[in-house]
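Asks: Below is a structure I'd like to ask you about.
The values are calculated or read from the model by the stated rules, or taken from the named source; none is laboratory data. Since we're looking at a predicted model, the values are computed, not measured. All Cβ positions, glycine included, derive from the backbone under ideal geometry; neighbour counts span all protein chains shown.
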Amino acid sequence: MNRLAGESSPYLLQHAGNPVDWYPWGEEAFERARQEDRPVLLSIGYAACHWCHVMAHESFEDAETAALMNRLFVNVKVDREERPDVDSIYMQAVQAMSGHGGWPMTMFLTPSGEPFFGGTYFPPEDRHGMPSFRRILESVANAWQNRREQVTAASESVRELYENASAPLASTGKLSSELLARAVRGIASGYDELNAGFGGAPKFPPTMTLDFLLQHWRRTGDEQALRMVEATWRAMCRGGLHDHIGGGFHRYCVDAQWGVPHFEKMLYDNALLVRLGTHLWQATASEDARTVTERALDWLAREMTGPEGGFYSSLDADTEGEEGLFYVWTPSELQDALGHQAELVAAWYGVTPHGNFEGSTVLHEPNDPEALASLTGVPLNRLLEEVDEARPRLLNAREARTRPALDNKVIAEWNGLMLRGAATAARAFNREADRDMALRNAEFLRDNMVRDGRVLRVWSHGTGARIPGMLSDHAAIALAFLDVHALTLQPEWIAAADAIATSCAEHFWQEDAGSFFDTAADADPLITRPRDVTDNALPSGTSLACELFLTLDALLRRPSLRRIAETVLEALAEPMARHGTAFGHQLTNAARAVHGFVEVALIRGNPASGLEELRAVADGTYLPGLILAGPDPQSDIALLAGRLPLGSQDTAYVCRHRTCEMPTADSARFREQLESAVVS
């Protein structure tokens, strides 16, 4: 066993038995590189990464290749999910050097950590124009020994890249309705009218962009925006991205038609999609949106929640070395599981003898239900009942298969995002199981991963919480706590979020740069301090922090926090208008800054009241920028100050731009006020 045997990351432990003399990230490896004047081979991946497994089997488990690595380099393995700061820094370099990025990432560094050559996957033999990994190893080592000046020149050019990337930001425009409209037009220009979604293959779930478009439709009535949201949601849910049997969503689809997924399941994708599905149901009463979202929550509870309440990170794409094996079906497998129902269910899920993925079928819904009912001669209601009856039987049959590997580390950022989705869904759907799951997770995060307003990034069984949290960890947890307050109306959750926001301002905001940085000012130094302002698969730490600061200003009257958020938003104004799909979450913040929040104070009329009628109205209504607080006007929450009940009746106050409607105890009148507030 190599040095990774002492780590807790499931990804690093996968490599603990390699013949490679791996080091975890840290000073020990770089000190050895300096002493022996050897370059560092940095390999970055994650547990659910298919091509990471392929390269591991081909190269890192090969004795000859490992011997070459050990002789020529100091080898360092990093789990990108534990250290997104390290991953971000070197991903910038590999993209600049090779024109593309991805995982596994293979980067060669000087002993001081400066990159000078890199790529992603390298095959074991020369293949398709790609040099073999061993050829790369020998070439890089030769350059280090005999052409050091070229190595130095390469590392210096990357240093300039980092300097430019961390330069101070300045305003690029004012926030306005026209800026938001430009962003919407730009997003629409990239919409795939044939298949839904944006761009071609591969197709990733554009969740944050869809959430922005849904909010835009709710405020403006723009039907094109709603059409893009509904069509893309439908395509994702009916295609292979959605796990029709077990619930939840895979990472992305390899084709433009949403047919065949890359099968890994990530907590963060499902977190964002749960929240979007809840919003779509609130906005349109789509039962499909509710059904798919509730199944994703059931999957979360069944497969991804630890006994302590933390949410696990991911499920692998591979089973027994074969991608997707756990999820695909053949007609004979359906027959074994379902008997006489198999033919009808096969027609529903598009299962054929030839399949759509390596001889098997990724379940999807290729037919309109009414058309299929007509084709089969089975009444629609009976057809739907047959499929609903078959689903748990297929799940039971699938559970007998070898399961994909589970990455059971708990990541603060991803848990915060999923807690937001679960808490929002618990309010909207009023399922007690969702509420209990959200509260257990919130209490776990508060008690185990937050210390004196600082968030730790990773919690693992046996080692507890460790690794200082990044900006995204802090902001995601704080925002989740605000959503837990909306679920419970317990004021301590706002106080906890406020303490974390104070840490964000103190440790991650840099006034002279006009920006947030992803690592804290007191974090262990890296070759540069990372700062990524774009929303990619996840919302950026910057956009989460902006949302947090704008929300706390509305709740607690914190103009200093609002000033910071608006400074960042104005620096990104023109990029947001031009490249909307790269700023999906940040655009929702820009819309809040322009239109303001819908601020709702619910005040209890008597100590025994649960505010049920008023809560039901607020929880079932789709309100972009909703802030919900209650129930005590004597608390320290500024939004509640002076908001007294009407006699002994539960009372609602609906406010915009610090101005409130007349308080009401009537649920119908409250609903009217909310509807009016959305478009005012």
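This table checks each residue for (1) within 19 Å of residue 3 (Cβ to Cβ); (2) outside the structural domain of residue 457 (by TED's automatic domain parsing); (3) touching a Ser or Thr at 6+ places or on another chain (Cβ under 7 Å).
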| position | (1), (2), (3) |
| --- | --- |
| 57 | no, yes, no |
| 64 | no, yes, no |
| 71 | yes, yes, no |
| 74 | yes, yes, no |
| 87 | no, yes, no |
| 92 | no, yes, no |
| 117 | no, yes, no |
| 121 | no, yes, no |
| 124 | no, yes, yes |
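Asks: Free of Cβ contacts under 8 Å to residues at least 40 places away in the same chain, under 20 Å from residue 511 (Cα atoms) and in contact with a Leu (Cβ under 8 Å, 6 or more places away or on another chain), is that true of residue 545?
Replies: For residue 545, the condition - free of Cβ contacts under 8 Å to residues at least 40 places away in the same chain, under 20 Å from residue 511 (Cα atoms) and in contact with a Leu (Cβ under 8 Å, 6 or more places away or on another chain) - is not met.
Asks: Quick check on the range 383-395: of everything there that is of a type outside the set (Lys, Arg) and touching a helix residue (DSSP H, G or I) at 6+ places or on another chain (Cβ under 8 Å), which residue is nearest to residue 265 (Cα to Cα)?
Replies: This residue is 394.
Asks: Additional query: Out of everything in the range 508-521 that is without any contact (Cβ under 8 Å) to a residue 40 or more places away in the chain and over 12 Å from residue 568 (Cα atoms), what residue ends up being surrounded by the fewest Cβ atoms within 10 Å (Cβ to Cβ)?
Replies: Going through the qualifying residues, I end up with 521.
Asks: Among the residues of the range 301-324, is any free of Cβ contacts under 8 Å to residues at least 40 places away in the same chain and either touching a His at 6+ places or on another chain (Cβ under 8 Å) or among the hydroxyl-bearing types (Ser, Thr, Tyr) (or both)?
Replies: no
Asks: Go through (1) under 23 Å from residue 624 (Cα atoms); (2) buried (at least 22 other Cβ atoms within 10 Å of the Cβ) one by one and return the number of the condition residue 557 breaks.
Replies: (2)
Asks: Same structure again: Within the range 665-674, does at least one residue satisfy the condition of being part of a helix (DSSP H, G or I), at pLDDT 95 or above, touching a Lys or Arg at 6+ places or on another chain (Cβ under 7 Å) and charged (D, E, K, R)?
Replies: No: zero hits.
Asks: Taking the residues in the range 363-372 that are assigned to a helix (DSSP H, G or I) and not acidic (Asp, Glu) as candidates, determine which candidate is surrounded by the most Cβ atoms within 10 Å (Cβ to Cβ).
Replies: 372
Asks: In the range 201-234, what count of residues is obtained for those that are surrounded by fewer than 22 Cβ atoms within 10 Å (Cβ to Cβ) and closer than 27 Å to residue 329 by Cβ?
Replies: 5
Asks: For a quick check of your reading of the model, give me the residue pairs whose first member lies in the range 39-55 and is not assigned by TED's automatic domain parsing to the domain that holds residue 118, whose second is of a type in the set (A, V, I, L, M) and buried (at least 22 other Cβ atoms within 10 Å of the Cβ), with beta-carbon atoms closer than 6 Å and at least 6 apart or on different chains.
Replies: none
Asks: Output the residues belonging to the range 19-37 that are under 12 Å from residue 109 (Cα atoms) and surrounded by 19 or more Cβ atoms within 10 Å (Cβ to Cβ).
Replies: Result: 29, 30, 33.
Asks: Condition first: in a helix (DSSP H, G or I) and either within 22 Å of the chain's Cα centre (by Cα) or not assigned by TED's automatic domain parsing to the domain that holds residue 539 (or both). Can you find one or more residues in the range 596-610 that meet it?
Replies: No: zero hits.
Asks: Still on this structure, I have one more. Go through the range 16-38 and count every residue that is in a loop (DSSP other than H, G, I, E, B) and within 26 Å of the chain's Cα centre (by Cα).
Replies: Residues in the range 16-38 being in a loop (DSSP other than H, G, I, E, B) and within 26 Å of the chain's Cα centre (by Cα): 1 in total.
Asks: Residue by residue through the range 303-342, note down the ones that are touching a Ser or Thr at 6+ places or on another chain (Cβ under 9 Å) and surrounded by fewer than 18 Cβ atoms within 10 Å (Cβ to Cβ).
Replies: Selection gives 320, 325, 330, 331.
To keep it simple, each residue is scored yes or no on (1) without any contact (Cβ under 8 Å) to a residue 24 or more places away in the chain; (2) not assigned by TED's automatic domain parsing to the domain that holds residue 260.
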position: 172; (1), (2): no, yes
position: 182; (1), (2): no, no
position: 185; (1), (2): yes, no
position: 191; (1), (2): no, no
position: 206; (1), (2): no, no
position: 209; (1), (2): no, no
position: 214; (1), (2): no, no
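Asks: Taking interchain pairs and intrachain pairs at least six residues apart, which have beta carbon atoms under 6 angstrom, with the first residue in the range 667-679 and under 17 Å from residue 603 (Cα atoms) and the second part of a helix (DSSP H, G or I) and of a type in the set (Val, Ile, Thr)?
Replies: Listed by first residue and then by second, the contacts come to 667/617; 670/617; 671/617.
Asks: Just to verify a result, which residue in the range 278-302, among those that are surrounded by fewer than 24 Cβ atoms within 10 Å (Cβ to Cβ) and hydroxyl-bearing (Ser, Thr, Tyr), is farthest from residue 238 (Cα to Cα)?
Replies: Top of the filtered list is 284.
Asks: Related question: In the range 236-247, which residue that is in a loop (DSSP other than H, G, I, E, B) and out of contact with any strand residue (DSSP E or B) (no Cβ under 6 Å at 6 or more places or on another chain) is nearest to residue 264 (Cα to Cα)?
Replies: 243
Asks: Hey, among the residues in the range 177-199 that are small (Gly, Ala, Ser) and surrounded by fewer than 18 Cβ atoms within 10 Å (Cβ to Cβ), which one's farthest from residue 236 (Cα to Cα)?
Replies: 177
Asks: Further question on the same structure: Determine whether residue 609 is out of contact with any helix residue (DSSP H, G or I) (no Cβ under 9 Å at 6 or more places or on another chain) and small (Gly, Ala, Ser).
Replies: yes
Asks: Name every residue in the range 139-198 that is closer than 30 Å to residue 252 by Cβ and either among the aromatic types (Phe, Trp, Tyr) or over 28 Å from the mean Cα position of the chain (by Cα) (or both), in order of residue number.
Replies: 158, 162, 191, 198
Asks: Got a sec? Which of 569, 614 is buried (at least 23 other Cβ atoms within 10 Å of the Cβ) and touching a Cys at 6+ places or on another chain (Cβ under 7 Å)?
Replies: 569
Asks: Is it the case that the range 143-162 has a residue that's part of a helix (DSSP H, G or I), touching a Gly at 6+ places or on another chain (Cβ under 9 Å) and either among the β-branched types (Val, Ile, Thr) or surrounded by 11 or more Cβ atoms within 10 Å (Cβ to Cβ) (or both)?
Replies: No, there is no match, as no residue in the range 143-162 is part of a helix (DSSP H, G or I), touching a Gly at 6+ places or on another chain (Cβ under 9 Å) and either among the β-branched types (Val, Ile, Thr) or surrounded by 11 or more Cβ atoms within 10 Å (Cβ to Cβ) (or both).
Asks: In the range 374-399, which residue that is small (Gly, Ala, Ser) and within 20 Å of residue 339 (Cα to Cα) is surrounded by the fewest Cβ atoms within 10 Å (Cβ to Cβ)?
Replies: Step by step, filter the range 374-399, then rank; the result is 377.
Asks: Being farther than 30 Å from residue 88 by Cα, in contact with a strand residue (DSSP E or B) (Cβ under 9 Å, 6 or more places away or on another chain) and surrounded by 13 or more Cβ atoms within 10 Å (Cβ to Cβ), is that true of even one residue in the range 423-436?
Replies: Yes, the range 423-436 contains at least one residue that is farther than 30 Å from residue 88 by Cα, in contact with a strand residue (DSSP E or B) (Cβ under 9 Å, 6 or more places away or on another chain) and surrounded by 13 or more Cβ atoms within 10 Å (Cβ to Cβ).
Asks: Does residue 165 qualify as being without any contact (Cβ under 8 Å) to a residue 12 or more places away in the chain, under 30 Å from residue 583 (Cα atoms), among the hydrophobic types (A, V, I, L, M, F, W, C) and out of contact with any strand residue (DSSP E or B) (no Cβ under 7 Å at 6 or more places or on another chain)?
Replies: Answer is no for this residue.
Asks: Looking only at residues that are assigned to a loop (DSSP other than H, G, I, E, B) and modelled with pLDDT of 95 or more in the range 47-90, which one is nearest to residue 414 (Cα to Cα)?
Replies: 81
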